[in-house]
Amino acid sequence: MSTLTSLARAQAVATGTAQPVCTRRHVHLSDRPLVLVPLVLAGEANAPLAALVGDDSRTGRLLVVSQPRNRDRRFAFAAELAHIVVSYIEGYYASAQAVPGGRGQDDRIRFADAPQLVVPNPACIAFVRMLGRSTRFRRPSGEYAVDPAVPVLGRWLSYFAERAEHPGSCLLLAATDAVALHWASGQSPVEDLNLAALMGWIDPPAGMTGAQAAAAGEDPVTWPPAGPATDPTFDNEVLAQLIAACDLPDDDARARQRAETALQAALAAQVAPTWRLMWRAVGLLRGIPPGGRVAARWDADKDSFTSYAGYLRDDGPPQPRRDAAVAAALRLNWLERAQASYTAQRAMDDPLVMAEHRLAGEAFAGTVTAAEPGRLDSSGKRRKLRPLITVTTEDSPRIDPGVMLVSPSRPGQQARVISVSAAPVQPESAQAVPPPAAPSPATAVPATAVPAVPVRSRVAVVLELAGGMGRALVPEPGSVPEPGERLCYTTLTDSYQPAGSFPDRAGTPWTHGGPPPEYVPADEDASEAWS
Amino acid sequence: MTAAGPAAGHATAAELAAGAVAGVMTDLARLDGRGQRGIVVDSPPGAGKSTLVVRAAAEIAAAGEQVMVVAQTNSQVDDLVDRLATAAPGMAVGRLSAQAHQPAPQVTRHAAVTVAQQVGGLAGCPVVIGTAAKWATVSDGSWPWAIIDEAYQMRSDMLIRIAGRFQRALFVGDPGQLDPFSTIDIDRWAGLTWDPMQSAVAVLLRNNPDISTHRLPVSWRLPGTAVPVIAEAFYPFTGFLAGTGPAERRLEFATSALGTGPVDEAVQTAAASGWALYELPARQTVRTDREAVAACAALAERFLQRGAVAYSERAPGGAPVTVGRIAIGTAHRDQARAIRAALNPWLDGITVDTANRLQGREYDVVIVLHPLSGRRDATAFHLEAGRLCVLTSRHRHACIVVARAGIPELLDAHPSTEPVHLNVPAKFPDGWEANQAVMAHLERLRVRAL
């Protein structure tokens, strides 16, 4: 946990209210997200029990599996869910937009918007992934045939769960993650996984402090767990009897009907509080102004969504159970580049996030105290415009000469660090600090004492600028920072990082087991190794 | 063979080491590039890994074959180039470098070394050396031989990018050092034999179980006082010997202290027994614990003030311990920065760095800010065996560990809680156990700060 977040958490405890750790929203929120609150049966691997799903807070639809141990009923549930989810997703096929291509490339078409799934917490993302895995290999014909929508649902859920691993992607969000990204509560990150407690810290009901609301949020009677796990007391005292009643033989249809209605009502009461919380969380996040680079990340999500929709339309096979060696290495490379870019983008969008990096010495903010805007570098064959500026800061940057920096307000301009030196102390704060003499080894003096509180030092950083100043040897007006201007520079960079070069699948080297066999989808894919 | 004591005689250790190297060379000659394509050499700290790399490269080149040498960082590459050009003068050595890279003076001083950004410019060189990242940009060509140095520091997804360039390979590295890491925290690939987050050697061995693994048995760096501790904690199944006898390494002071204080006591304990634990009162602190930081700086300074002189097989007449021969190791970068700021300006040459950056380096005296000092919890990061192993195995003479009291209790309160995945081999040494083993030894050499 970084220093600022720790401080914000301490302040949250002291004040009894969660503290914002961002001034901008860093997630995209759809106008019409599909909220999904799933529940599973305890003791069974990913056996769906119920789900409340919908893209409108007033019209959530409750799906219930009256006997989750029965696999036919599980897949009947999957079919129902598929009709809701897939039709929601395919609703976004309706409108497309043209995107201008890059250098020398044609325009391309992508969907104008993309679907967004919101679940309560990361464990629900794992549920989505597992449900996707258990349904994507099923087939609409042959033995154990399922509804044709089920494998399509499986592919989409697998796609969304994979996309959720991608830093900065917002196609599938966990509400607790999205909220905790923007507020520091007065509880531990593990406790933050409880949506009711987390929301209590941020938005307590009238007359309660955040701490009181969070404590109340841990009562499973008023705030049942947000899924996918259910409350064990509910399991023992309510659920077990209702499921047993639903299992009555067919001859007593009315009794069974009554039991199923009672089960529906009991499960509806379990998910309804979470459902309201989810929409409150969405509303809360919508109230924060979005960061400048959020839209660009959502565009990348739209590109990815368009591409996967095209893949499905072309009858692409389901995602393989595991990544092969080259695919795994490629994916890791891709994720790491996305992580670096996401970290940089958040800092550049948000001064409060940048403050964390300033404290860590990876960025500094200061005032331009000198500038040489017309400086030319004539060491090479052609003279180049390379202005110098001096930025004086009270931060303590940990950067070495030669490092490239960028300023969030001038993203097209690179700044190379020429020197970092202590700035002259201003007269009013000047203190006589005697230069420590180097004692010779022969004179053993007592061990050094703990130094006194350090004097607030100022650092002067000399930067050489390149780019973003026009083509002439004289910079365009305003393109070189002027003395008196306040600026922030950071080592974080959001510039394009090329993908690493990897062999193709057939070129998998011997060190990694050689080329894998060609993947042919088969019925066995649906069976799990342990089942 | 487990943690063998320092009593092993000099000649025996030298013979053992020579035998191990000869075994590696014989096996290397047997590789045919088809059935047998690689060997792995595990090396404890300071066991002559680079010497082996240089010797193997020179022998392959002398036999008229081309060899690509892969290291992980530019400074490792420069170091290897320098050693190779010194060991085999006249042999053409190619140094593959990135575009913006300025060749280091230790490279440019050799006439036989060519620096180029493209392999095409190094066609005449029997030995071409570059970082793994640079080799990954080489898109064609094939070398009959590769030597991969610090292979345990390389991630397997890097190996997959360069493995197409060579037919057979010698992998050399220290299994006790830090594992490679990723900025991404997912367990998507856990259990796969080609998990891209694992080290190159781990993946190589899981996919090619018939590859033979050799061990270098003698540490020439670590003194006899350090070997039993390090071997027991971090190399529990293989162990290794000290290359020097107890009388060969000595640390003495040119001056005696005026009165005594805990700092002097710690410095003297370390000089006499190779280790000391400088224990501050128990307290939970922020990472840059001001008292611990000041203690690290004060201990380093004291060695210089007292005029420490190191007597060793390299300098039987004694060599003064200068700023360049002292290092202070930490777990986090902000701690290193705080210590650097706390050092008096005249101590400027002292290396203060994190475990990651101290890997592969060697000093006379090392002061370690214990990764768990002042912490409230023991996370996987702070428990990692490799981190403590790197920090406590950089010294030729003495190591002082600075810590808040209560680390064994902290360990007892925080057993490892990492999830267990199917099909993932258990990893040894276990960080929790290694930490306990080191602390158990240090407890006996504890000096309490006032």
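Computed about the Cα centre, the dipole magnitude for segment A:155-297 is approximately 840 debye when only Lys and Arg (+1) and Asp and Glu (-1) carry charge, each at its Cβ. Note on A:THR222 and B:ARG283: the model spin-label points, each 7 Å out from Cα along the C-beta direction, lie 4.2 nm apart. Note on segment B:98-243: semi-axes of the ellipsoid equivalent to its C-alpha gyration tensor, largest first and rounded to whole Å, are 30, 23, 15. Here the Karplus curve 6.51 cos²θ - 1.76 cosθ + 1.60, taken at θ = phi - 60°, turns the phi angles of segment A:179-184 into couplings of 6, 5, 5, 9, 10, 9 Hz, with x standing for Gly and Pro. Other residues with beta-carbon under 13 Å from the beta-carbon of A:GLY366 carry, at +1 per Lys or Arg and -1 per Asp or Glu, a net charge of 0.
A convex hull fitted around the alpha carbon atoms of segment B:64-148 yields 86 Å³ per residue.
Going by a ≥ b ≥ c, the root eigenvalues of the Cα gyration tensor, does segment A:129-288 fall in the rounded group (a/c under 1.5), the prolate group (a/b larger than b/c) or the oblate group?
Working: a/c = 2.86, a/b = 1.28, b/c = 2.23.
Note, shape of segment A:129-288 comes out oblate.
With θ taken as phi - 60° and the Karplus curve 6.51 cos²θ - 1.76 cosθ + 1.60 applied, the whole-hertz 3J(HN,Hα) list for segment A:503-512 is x, 7, 3, 5, x, 4, x, 4, 5, 10 Hz, x standing for glycine and proline.
Remark on segment A:109-211: hydrodynamic radius 15.8 angstrom, per the Kirkwood mean of 1/r across alpha carbon pairs. Computed over chain A, the quotient of the alpha carbon radius of gyration and 2.2 N^0.38 Å is 1.22.
Relative protection proxy for B:143-156, B:305-318, A:302-315, from highest mean packing down: B:143-156, B:305-318, A:302-315 (other beta-carbon atoms within 10 angstrom).
Quick one: net charge around A:ALA161, please, counting Lys, Arg +1 and Asp, Glu -1 for every other residue with C-beta under 12 Å from its C-beta.
On the way: positive: A:ARG129, A:ARG133, A:ARG136, A:ARG155, A:ARG163, B:ARG188; negative: A:GLU162, A:GLU165.
Net charge in that neighbourhood comes out at +4.
Give the Debye-formula value of log10 I(q)/I(0) at each listed q (0.13 Å⁻¹), with one equal scatterer per alpha carbon of segment B:366-450, two decimals each. Each listed q maps to, in turn, -0.43. When the alpha-carbon atoms of chain B are used, the pair Rg, Dmax equals 22.2, 69 angstrom. Could you work out how far the C-alpha centroid of segment B:293-346 sits from that of segment B:141-197, in angstrom? Distance between centres, Cα-based: 34 Å. Along the axis of the charge dipole computed for chain A (Cβ charges of +1 for Lys and Arg, -1 for Asp and Glu, origin at the Cα centre), the listed residues A:ALA327, A:MET208, A:GLY366 are led at the positive end by A:GLY366. Note that segment B:165-175 has calculated 3J(HN,Hα) couplings of 8, 9, 8, 9, 8, 10, 9, 10, x, 10, x Hz, one per residue in order, obtained from phi through the Karplus relation 6.51 cos²θ - 1.76 cosθ + 1.60 (θ = phi - 60°); glycine and proline are x.
Between segment B:269-286 and segment B:385-432, the alpha-carbon centres lie 17 Å apart.
What is the list of residues in segment B:73-100 whose amide nitrogen lies under 19 Å from a point 7 angstrom out from the Cα of A:ARG386, following Cα to Cβ? Hits in segment B:73-100 for A:ARG386 at 19 Å: B:99-100.
So if each residue of separation counts as 0.36 nm, and I subtract the Cα-Cα distance between B:GLU15 and B:LYS427, what length gain in nm does that give? Result: 145.2 nm gained on full extension.
Assuming R0 = 51 Å, what is the FRET efficiency of A:ALA522 and A:GLU237, from their Cβ-Cβ distance, to the nearest 0.05? Could the numbers behind the result be given before it?
Details: r = 44 Å, r/R0 = 0.86.
It comes out at approximately 0.70.
Inverting the pair-averaged 1/r between distinct Cα atoms of segment B:211-330 gives 16.5 Å as its Kirkwood hydrodynamic radius. The length gained on full extension between B:ASP412 and B:GLN118, counted as 0.36 nm times the residue separation minus their Cα-Cα distance, comes to 100.5 nm.
With charges set only on the Cβ (+1 for Lys and Arg, -1 for Asp and Glu), what does the dipole of segment B:185-250 come to about its Cα centre, in debye to the nearest 20?
Numbers: 6 positive and 6 negative charges, 66 e Å.
Computed about the Cα centre, the dipole is about 320 debye.
Two tests apply to each whole DSSP H helix in chain B, Cα reach of 15 Å or more along its axis and mean Kyte-Doolittle hydropathy of at least 0.0, and the ones passing both are B:10-30, B:49-62, B:262-273, B:290-305.
Round to the nearest 0.05 the FRET efficiency obtained for A:GLN257 and B:THR213 when R0 = 60 Å and r is the Cβ-Cβ distance. Walk me through the intermediate numbers first.
Working: r = 68 Å, r/R0 = 1.13.
Efficiency, rounded to the nearest 0.05: 0.30.
Dipole check for segment A:297-341: with +1 at the C-beta of Lys and Arg, -1 at the C-beta of Asp and Glu, and the Cα centre as origin, the magnitude is about 160 Debye.
Distance distribution P(r), the protein assembly as shown, all Cα-Cα pairs, bin width 10 angstrom from 0: 2, 9, 16, 21, 21, 17, 10, 4, 1, 0, 0 percent.
For segment B:9-142, a Kirkwood radius taken over Cα pairs fed into Stokes-Einstein (37 °C, viscosity 0.692 mPa s) yields D = 207 µm²/s.
Would you please calculate the Kirkwood hydrodynamic radius of segment A:2-45 over all C-alpha pairs and express it in Å, rounded to one decimal? Display every interim value, and only then the final one.
Details: mean 1/r = 0.0695 Å⁻¹.
Averaging 1/r across every pair of different Cα atoms and inverting gives 14.4 Å.
Put a dot 7 Å past each Cα toward the Cβ at A:ASP177 and B:HIS332; how far apart are the dots in nm? Reported label-point gap for B:HIS332 and A:ASP177 is 2.5 nm.
Rounded to the nearest 0.05, what FRET efficiency is calculated for B:SER75 and A:ASP247 with R0 set to 60 Å and r the Cβ-Cβ distance? E(calc), rounded to 0.05, equals 0.30.
A helix-only calculation puts chain A at -11000 deg cm²/dmol for mean residue ellipticity at 222 nm, using -39500 (n - 2.57) for each DSSP H run of at least four residues, averaged over all residues.
So the label point goes 7 Å from the Cα of B:ALA98 along Cα→C-beta, right? Which residues of segment A:491-524 then have their backbone N under 17 Å from it? Zone members listed by number: A:491-501.
Using Cα centres only, tell me the gap between segment A:1-53 and segment B:198-245 in whole Å. First find each Cα centre; the distance between them is then 45 Å. Remark: spin-label model distance A:ALA112-B:PHE381 equals 4.5 nm, labels positioned 7 Å along the Cα→Cβ axis.
For B:GLN177, no residue 5 or more places off, or on another chain, has a built amide H under 5 Å of its own. By the gyration tensor of its Cα atoms, with a ≥ b ≥ c the square roots of the eigenvalues, what is the shape of segment A:1-142: rounded for a/c under 1.5, prolate for a/b over b/c, or oblate? Judged from the Cα gyration tensor, segment A:1-142 comes out oblate (a/c at least 1.5, b/c at or above a/b).
Computed over segment B:41-84, the quotient of the alpha carbon radius of gyration and 2.2 N^0.38 Å is 1.18.
Every number here is computed from the coordinates shown, using simple stated rules; none is lab data. Remember, it's a predicted structure, so these values are computed and weren't measured experimentally. We place every Cβ from the backbone using ideal geometry, glycine too, and count neighbours over all the protein chains shown.
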